[in-house]
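First comes the structure, then the notes that go with it.
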Amino acid sequence: MDNQKFPKTKLAWLWENTKGGHVIYVFAMLGTILYNALQLTVPYFSGRIVDLFLTGPTARENLINQRDLFYRLIITMILMTLLRVVVMYFDCMAYENVSQLALYRIRNFLFQKIERQDMTFYSTYRTGDLMTRVTGDLDAVRHMLSWVIRVVIESFSLFFAAAIYFVVVDWKMALCILVISPFVFLIIRLFRDKVAPMHALLREKLAGMNTVAQENIAGNRVVKAFAREDYEMQKFQACNEEYRDTNKATAKVWIHYYPYVESFANLMPVVMLLAGGLFLIKGSLSMGEYVAISGLIWAIANPMRMMGNIMNEFQRFSAASRKVMEIYYSEPKIRNHEDAYTQHDRFQGKIEFKNVSFQYADGNLPVLHNISFTVEPGQTVAIMGETGCGKSTLIHLIPRFYEATEGEILIDGRNVEDYTLESLRKQIGMATQDVLLYSDSIEGNIAYGDSHIKLEEVVKFARYSEASEFIAKMPEGYDTIVGERGVGLSGGQKQRISLARALAVRPSILILDDTTSAVDMETEKKIQDSLNHLDFPCTKIIIAQRTSTTRTADKIIILKDGRIVEEGSHDELKEKGGYYSELLKLQTGDM
């Protein structure tokens with residue numbers, strides 16, 4: 001990932017995302033040059049006042065005869081200072097507005113990219129790392145636009161403006177002062193080479209710390225169940241210490257080079273005193289010119305001091321922007337083909353697996369081997385097998401969460417890869433054993449797939465999943481807020497809300513992954529009866545461990561090591577004496 005090439009450089013990518021603010025940003029950069037050029041006015045007018053009214057040979061006469069000029073120079077200095085303050089204010093506002101515009105655009109685009117990624121992406125990137133990219137890393141990008149670029153322009157414009165002014169006043173004096181600057185730039189170059197890898201490492205430590213925090217917050221029940229609070233606190237402390245130590249090490253790099261930069265910067269006033277004094281004695285430099293140069297010596301020294309901070313912030317931006325651009329330019333492997341077909345009508349619901357095999361990209365062994373079976377419209381097919389035999393992987397191929405490495409999967413005679421992802425997935429309802437409920441009302445969670453359905457329909461689908469009874473007992477009924485921060489629900493209650501959510505889209509194909517594993521037998525029987533009497537046509541594929549769930553299925557498929565080893569109805573498999581028959585005896589004692 002670190003060697004990934006992007007279609008644009010970091011700065012070109014940054015400029016692209018300021019679209020809509022280009023004119024403002026260009027004016028802001030020009031404004032930066034302007035208010036730094038205005039910095040020269042005060043020393044210039046100060047020099048004029050000194051030469052004309054204080055130390056010049058005609059100073060006394062000028063003070064008497066040209067008092068109006070004296071006042072004009074004073075007033076001009078004040079007005080120029082006020083103008084510089086006004087320009088600086090609007091300039092900083094412009095930088096901030098454009099940086100916020102870019103931040104808003106990039107964050108939206110980044111979230112859209114993440115939303116449209118496939119399952120391989122989510123198995124590759126940690127949640128904490130992704131959160132770091134859309135928060136801390138983006139803040140470094142914003143800081144680059146709002147502060148770093150401004151300070152770079154400010155430093156260089158101030159440096160060169162002052163240098164040109166020095167040359168105009170006295171080139172020999174300018175040469176004495178400016179001869180020091182190349183040494184500072186050499187030190188900054190050495191600093192950059194040292195600090196760049198430190199910022200990349202610092203960013204990784206931050207992402208790791210955020211991942212540990214996110215996992216512990218999300219898994220707080222597991223932590224408490226095993227009384228591992230102390231262990232997790234030590235684990236986070238270790239990550240925090242690594243981040244702290246890396247931060248300190250990064251800061252120490254600049255601390256190592258800073259004395260050299262500061263020494264050369266402080267050497268300039270010394271040179272000015274020595275060389276300037278010598279030129280004053282010789283008469284090649286007037287007192288006014290000396291005062292002007294003295295008043296601008298900081299304009300040469302300060303930019304040199306700032307170079308270290310600028311380089312530090314630029315390397316921070318470089319490390320952060322690489323991580324952001326990695327997601328920004330990423331493309332999902334599973335996406336619509338150019339001539340993908342949009343299915344507007346409901347599927348009939350016929351599903352065919354033809355010699356399907358599948359292997360994860362990071363795995364050595366296939367998960368599924370030569371799977372072939374057909375599900376007719378409206379049928380119910382149950383899939384059973386030992387843990388790890390490929391049941392969940394198989395159903396994930398239907399909505400194209402993953403794509404088969406061999407063979408093809410057809411819905412209504414058309415390969416699933418030929419449908420647009422949206423039209424394919426909108427007609428498939430899924431409910432899994434591991435339920436995620438959003439921090440929303442129960443009604444909002446059930447209506448998640450179709451936010452336009454009415455409350456009456458929400459209640460109807462809750463009845464189908466046997467959830468309406470316990471929902472009615474909730475403090476605010478269907479308006480009760482659930483989710484991570486909401487009211488506590490049992491595993492079975494969450495599964496029933498999840499099932500209602502899957503039914504609420506009125507799917508042509510319903511996929512249930514051990515959805516009733518946490519409910520009691522009586523409730524499961526009622527749910528099965530409801531699923532057999534839906535008010536819309538629906539093909540059902542059910543992963544189950546209980547034979548009570550599969551009894552009424554039109555077909556039962558038994559998987560073992562990614563292969564179909566048994567296939568038939570409940571009665572047929574019962575007579576075969578294989579896996580299903582043994583499981584039936586184990587669960588019911590039925591002979």
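Out of region 442-475, which residues are among the aromatic types (Phe, Trp, Tyr) and either farther than 26 Å from LYS525 by Cβ or at pLDDT below 90 (or both)? Quick ask: steps written out before the conclusion?
Here is the first cut: in region 442-475, the ones among the aromatic types (Phe, Trp, Tyr) are 448, 461, 464, 470.
Scanning region 442-475 gives a single hit, TYR448.
When you go through (1) modelled with pLDDT of 90 or more; (2) acidic (Asp, Glu); (3) surrounded by fewer than 16 Cβ atoms within 10 Å (Cβ to Cβ); (4) assigned to a loop (DSSP other than H, G, I, E, B) one by one for GLU484, which number turns out not to apply?
Of (1) modelled with pLDDT of 90 or more; (2) acidic (Asp, Glu); (3) surrounded by fewer than 16 Cβ atoms within 10 Å (Cβ to Cβ); (4) assigned to a loop (DSSP other than H, G, I, E, B), only one is false for GLU484: (1).
Which ones in region 505-526 are of a type in the set (A, V, I, L, M, F, W, C) and modelled with pLDDT of 90 or more?
The initial filter retains those residues of region 505-526 that are of a type in the set (A, V, I, L, M, F, W, C), namely 505, 509-512, 518-519, 521.
Residues satisfying the conditions are VAL505, ILE509, LEU510, ILE511, LEU512.
Out of the residues in region 1-56 that are farther than 20 Å from SER155 by Cβ and of a type in the set (Val, Ile, Thr), state the one that is least open to solvent (accessible area, probe 1.4 Å).
Filtering first and then ranking leaves THR18.
Of the residues PHE70, PHE90, which is touching a Phe, Trp or Tyr at 6+ places or on another chain (Cβ under 8 Å), free of Cβ contacts under 8 Å to residues at least 60 places away in the same chain and more than 23 Å from ARG203 (Cβ to Cβ)?
Working: PHE90 fails: touching a Phe, Trp or Tyr at 6+ places or on another chain (Cβ under 8 Å).
Unique residue meeting the criteria: PHE70.
Could you identify the single residue in LYS494, LYS473, LYS454 that is buried (at least 18 other Cβ atoms within 10 Å of the Cβ), of a type outside the set (Asp, Glu), out of contact with any Ser or Thr (no Cβ under 6 Å at 6 or more places or on another chain) and farther than 27 Å from LYS350 by Cα? Break it down stepwise before answering.
Values: LYS473 fails: buried (at least 18 other Cβ atoms within 10 Å of the Cβ); LYS454 fails: buried (at least 18 other Cβ atoms within 10 Å of the Cβ).
Residue meeting the stated conditions: LYS494.
Inside region 512-559, can you point out the residues that are in a helix (DSSP H, G or I), among the polar types (S, T, N, Q) and crowded, with 17+ Cβ neighbours inside 10 Å? Give the derivation first.
So in region 512-559, the residues in a helix (DSSP H, G or I) come out as 521-531, 547-550.
Then keep just the ones that are among the polar types (S, T, N, Q); that gives 523, 528, 530, 547-550.
Result: THR523, GLN528, THR547, THR549, THR550.
Being more than 18 Å from ASP554 (Cβ to Cβ), open to solvent by 40 Å² or more (accessible area, probe 1.4 Å), under 35 Å from the mean Cα position of the chain (by Cα) and without any contact (Cβ under 8 Å) to a residue 24 or more places away in the chain is true for just one of THR387, THR405. Which residue is that? First the steps, then the outcome.
On the way: THR405 fails: without any contact (Cβ under 8 Å) to a residue 24 or more places away in the chain.
One residue alone meets the criteria, THR387.
Consider SER263 carefully, then state whether it is buried (at least 16 other Cβ atoms within 10 Å of the Cβ) and in a helix (DSSP H, G or I).
Working: buried (at least 16 other Cβ atoms within 10 Å of the Cβ): no; in a helix (DSSP H, G or I): yes.
Answer is no for this residue.
Take residues that are of a type in the set (Phe, Trp, Tyr) and open to solvent by 30 Å² or more (accessible area, probe 1.4 Å) and tell me which of the helices (runs of 4 or more DSSP H) falling wholly in region 80-173 contain 3 or more.
Values: elements: 119-124, 127-134, 136-143, 149-169.
Those helices (runs of 4 or more DSSP H) span 149-169.
For region 504-511, state whether one or more residues are touching a strand residue (DSSP E or B) at 6+ places or on another chain (Cβ under 7 Å), within 30 Å of PHE353 (Cβ to Cβ), of a type in the set (Val, Ile, Thr) and in a loop (DSSP other than H, G, I, E, B).
Yes, that holds for at least one residue.
The values are calculated or read from the model by the stated rules, or taken from the named source; none is laboratory data. The structure presented is a predicted model; accordingly, all values stated were derived computationally and were not measured. Positions of Cβ are generated from backbone atoms using ideal geometry, with glycine treated the same way; all protein chains shown enter the neighbour counts. Note: areas computed on protein heavy atoms with side chains; ligands, DNA, RNA excluded. Shrake-Rupley method; radii C 1.70, N 1.55, O 1.52, S 1.80 Å.
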